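These notes concern the structure reproduced below.
The values are calculated or read from the model by the stated rules, or taken from the named source; none is laboratory data. Treat the numbers as computed from the prediction; the structure is a model and nothing was measured. Here the Cβ is made from the backbone with ideal geometry for all residues, glycine too, and neighbour counts use every protein chain on show. To get the accessible areas, we keep the full protein, side chains included, count just its heavy atoms, and leave off ligands, DNA and RNA. Shrake-Rupley method; radii C 1.70, N 1.55, O 1.52, S 1.80 Å.
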Amino acid sequence: MGQFYSDSVEKALQYVYYENRGRAVHGQEGLQLLIDASAAGDGDASCVLARCLCGHQYVWSGFGFPEDDEKAEALYRKSVEQGSALGMLVALRSGQLSKGLERKAPMTLQEAFDRVKENAAGGDAFSQFVIGNCYFWWDFMRIQGKTGDSFSSREEFKAYLKENITQCEDWFWKAFRGGMYLAGNNLNHYYENGDEDIVSPQPEKAKEIFKIGAEIGYPLHQYFYAKELEEAGNLAEARKWYRKSAEGGQRGVWYTVGEWYMNGTGGPKDEAEARYCFEQSAAQHEIGGLNELGEWYYLGIHGYPKDPAKAFAYFSEAYEKGNNFSRPYLARCYLEGWGTAPDYQKAYDMAWESKDRSGYTDSCYVLGRLYCEGLGVPMDIGKGVGFLLRVSAKAPEAAEELKKYKKGLFGGWKRR
């Protein structure tokens, strides 16, 4: 049995939270440990598993865990029924601890708080974060059974609130240094905003949070710190920390680093490094990297051979994720059968939707061909020529295509 929780839960916490310092190696293993332990009746596992399914506000996005709010809510309730003190506090914080569910629990909220606080005092960072949240979000009032009416004056009530709220600071610092980068996020909010008219903001303390988190090794905080450096004009340092964040697995950052290398931002241009960064972005299935490599293969630039079929694969994945940048290119691929079977309807749809946007050359070329040749649409040479004429000055292929047509005696267009 672990020091604070079961072996499975403690190992999962290590993998999912405490090792999140430039490493995303064991995240999926930690998730599976929680799934198995929850199924075996471990309420603490059910609680932590629920957090893992609630998205980037509750667990690092670098793991790519699935998001399922409905399942998470069920797990919070399950954790309480399984007798987890941790589950009671987190279910309370998540709005899942109804009075009915609270009555079913084998302990009171105060008893649950005391158990988790004992683990927090013993050094468990996740417990420290949960206790900090109880103070930060005023959950201590329900735990202690207090309301505003419990006090004889507004001043007495405010003094009670301040005495409790301010205790979050110490617990968050302990959790932050112990492996919970999320505690740093809450500390930043606490220092920036204070708490109503009870706790005054301390913005000077907020300035150091993300720098400290970056130096500890949290990829998200390395990204935040890089943004701060960029806004302060320290581009060389910003580039360094963006790179560290990307190498640590923070999603979406490889593309930013690639752009900086390509444009020479924060240091010399380095096309080879830019290629590496965009390849990493695409390997993480990020839209930016997918579109960048798709365009480079499509055009045969930046050291990549012209390979429209390979470009189609990258563009298709980006498009399936909801991004429309690649529509003109995909239209051409569907017309020509590059990387896919010819599909004139898809070629038309892609081209028509993007015919008026910046970089519409391929779209107009495709529409010109479709109408001039009657591919998937009724033949209309005049309409097709109109599209070809729109881009003939900058698209040699369109100009070449126009040579196949001429104006008739009465001004209409026809094939030569």
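Summary of values
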| item | result |
| --- | --- |
| Binned Cα-Cα distance frequencies in the stretch 266-401 - 10 Å width, integer % | 13, 40, 31, 13, 3, 0 |
| Computed accessible area, ARG369, all protein chains, 1.4 angstrom probe, square angstrom | 40 |
| Above-threshold pairs, the threshold being 32 Å between Cα atoms, out of LYS346/LYS403; LYS346/LYS407; LYS11/LYS146; LYS355/LYS403; LYS240/LYS355; LYS346/LYS404 | LYS11/LYS146; LYS240/LYS355 |
| Packing rank of 303-311, 407-415, 8-16, 265-273, where each peptide gets the mean count of other beta carbons within 10 Å, highest leading | 8-16, 303-311, 265-273, 407-415 |
| Solvent-accessible surface (1.4 angstrom probe) belonging to MET141, in square angstrom, nearest 10 | 30 |
| HIS189 accessible area, 1.4 Å probe, all protein chains in place, Å² to nearest 10 | 90 |
| Solvent-accessible ranking of TRP137, TRP171, largest area first, probe 1.4 Å | TRP137, TRP171 |
| Normalised contact order of the stretch 261-416, rounded percent, pairs of Cα under 8 Å and 6 or more residues apart | 11 |
| Cα pair distances of the stretch 358-416 binned at 10 Å [whole percent] | 27, 56, 17, 1 |
| The chain: angle of helix 125-136 to the longest principal axis, Cα-based, in degrees nearest 10 | 80 |
| Dipole of the stretch 42-105 [Lys/Arg +1, Asp/Glu -1 at C-beta], most positive-end residue of GLN57, LEU92, ALA74 | LEU92 |
| Protein-only accessible surface order, largest first, of HIS26, HIS56 at 1.4 Å | HIS56, HIS26 |
| Accessible surface of the chain [probe 1.4 Å, protein heavy atoms]: carbon and sulfur percent | 48 |
| FRET efficiency, 1/(1 + (r/R0)^6) with R0 56 Å, evaluated for ARG415 and TYR58 via beta carbons | 0.35 |
| Calculated FRET efficiency for the pair SER153/GLU279, C-beta based, R₀ 51 Å, to 0.05 | 0.20 |
| Calculated from backbone phi, Karplus (6.51, -1.76, 1.60) coupling profile of the stretch 71-87 in Hz, x at Gly/Pro | 5, 4, 4, 5, 5, 4, 5, 4, 4, 5, 5, 7, x, 8, 5, 4, x |
| Accessible area (Å², per residue) of the chain, counting only protein heavy atoms and a probe of 1.4 Å | 46 |
| Long-range HN-HN contacts of TRP413 with modeled amide H, under 5 Å | GLY382, GLY408 |
| Table column - 3J(HN,Hα) (Hz), the stretch 239-256, Karplus curve with 6.51, -1.76, 1.60, x for Gly and Pro | 4, 4, 6, 4, 5, 4, 4, 5, 5, x, x, 5, 5, x, 8, 4, 5, 4 |
| Theoretical gain in end-to-end length, GLU231 to LYS406 [0.36 nm per residue, Cα-Cα removed] | 57.3 nm |
| Estimated distance in nm for a label pair at GLN144 and TRP352, the labels positioned 7 Å out from Cα along Cα-to-Cβ | 6.6 |
| Nitroxide proxy distance, nm - points 7 Å out along Cα→Cβ at ALA39 and ASN323 | 3.6 |
| Whichever lysines have a C-alpha closer than 22 Å to that of LYS205, once near sequence neighbours (fewer than 8 apart) are set aside | LYS162, LYS174, LYS227 |
| Charged-residue dipole, Cβ positions (Lys, Arg, Asp, Glu), the stretch 194-352 about Cα centre, Debye nearest 20 | 460 |
| Value of Rg to Rh for the chain (Rh from inverse mean 1/r over Cα pairs, i.e. Kirkwood) | 1.15 |
